[in-house]
Each structure stands twice: as C-alpha cells, then as structure tokens.
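A quick write-up on the structure given underneath.
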Amino acid sequence: MTTVWGAPRAAYLLALAIAREDDQGRSELWETVSRAGGETDLVIALGAQARLMSRAAATATGKPFDVPDAVWKRIPCPDVRDYSMAAYAGGELGTPSFSCARCLRIAAETLAGLHLAAMDAAGIPRTWLAEVCARIPEADEPVTPSVPDAGAAVGP
Ligand SMILES: [Zn+2]
C-alpha cells in the first residue's frame, strides 16, 4: 500500500533542484521518491506540470510549445519513453510494467527540464517554483494530483 507522499510537490522540488543546479538535492529527492516506490507517480505529476506550463507558454507566445524528438530520445528504454510522452500528452496511461530505475530517473529529469523550458518560454521566473513549493502541502497531507486517475498506484 502506497501512502500519499505528495508527488506534485516532489515534482516541483525536482524542477527547482535542476533549476538551481543542485545535484545533491536532486539525488536526495530521487532516493526519497524511490524508497517510497513513487517513481511512476512522480513521472505522472511531472508530465502534468510540464503540460500545464507548455499551455501557459503557448498562450504567452501565441504559438505551440514544441518538444523536439531529441528530448524524448534521451530516455533509452522505449516503454519508459512512451509512458513519459503519454504523461506529458495527458492521454490514457496504462499500468506501468517497466522496472528500469535508471530510465525512470532520466524520464523524471527530462520532464522537469521540459517544465523549466516551458516556464522560460512563458516568461515565468524560476523563483516561482520556490513559491509553489512553499505553498503546497507537505508529503503527509493529502494531495490530489491534477491528472486523471490512471490506476497508477505504485507499490513495492
Ligand atoms: Zn532503461
């Protein structure tokens, strides 16, 4: 049974750590998420946040926020790559069957990077991430991710 551990908050924290080039913070966050078995939840939350920000970027610039194929090709395992693209696109997400921890981390950091790129395109300063992290609940409080329930409860 997975406890609610605040995937959306962790997703913002990961983007913040990358924005600050805080490699230690990034690694510690990933270890915390992995211990909770929350890698897939994190990828879903990151996909949703990047998608929302890409819409903000499109609104701000008046043109679509395009993601180059090269971005997705950074994720070596095809199943993890496909899942990440689906998380970003916001479509149906099946129950994940992959187990490549390395690719999951690459996927998470790729989506967080997309979130940051979309923020830049939208003209939103990086300090906004810190404000969001301060505002949303800690991991022990219930959080309802703003993504469709994909039946993605992750357990050990
Ligand atoms: Zn892999």
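Readers should treat all values here as calculations from the given coordinates under stated rules, not as data from a laboratory. Predicted, not measured: the structure shown is a model, and the values here were computed from it. So basically every Cβ, Gly included, is an ideal-geometry build from the backbone, and we count neighbours across all protein chains shown.
Numbers below:
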read-out: Surrounding net charge for residue 58, when Lys and Arg each add one and Asp and Glu each subtract one, Cβ distance under 12 Å; value: +2
read-out: Net charge of neighbours whose Cβ lies under 11 Å from the Cβ of residue 105, counting Lys and Arg as +1 and Asp and Glu as -1; value: -1
read-out: Along principal axes, Cα extents of the stretch 19-135, largest first, whole Å; value: 38, 29, 23
read-out: Cβ-derived FRET efficiency at R0 30 Å, residue 136 paired with residue 79, nearest 0.05; value: 0.50
read-out: Peptides 110-122, 15-27, 76-88 ordered by average Cβ neighbours within 10 Å, highest first; value: 110-122, 76-88, 15-27
read-out: Formal net charge of residues neighbouring residue 28 (Cβ-Cβ distance under 12 Å; K, R +1; D, E -1); value: -1
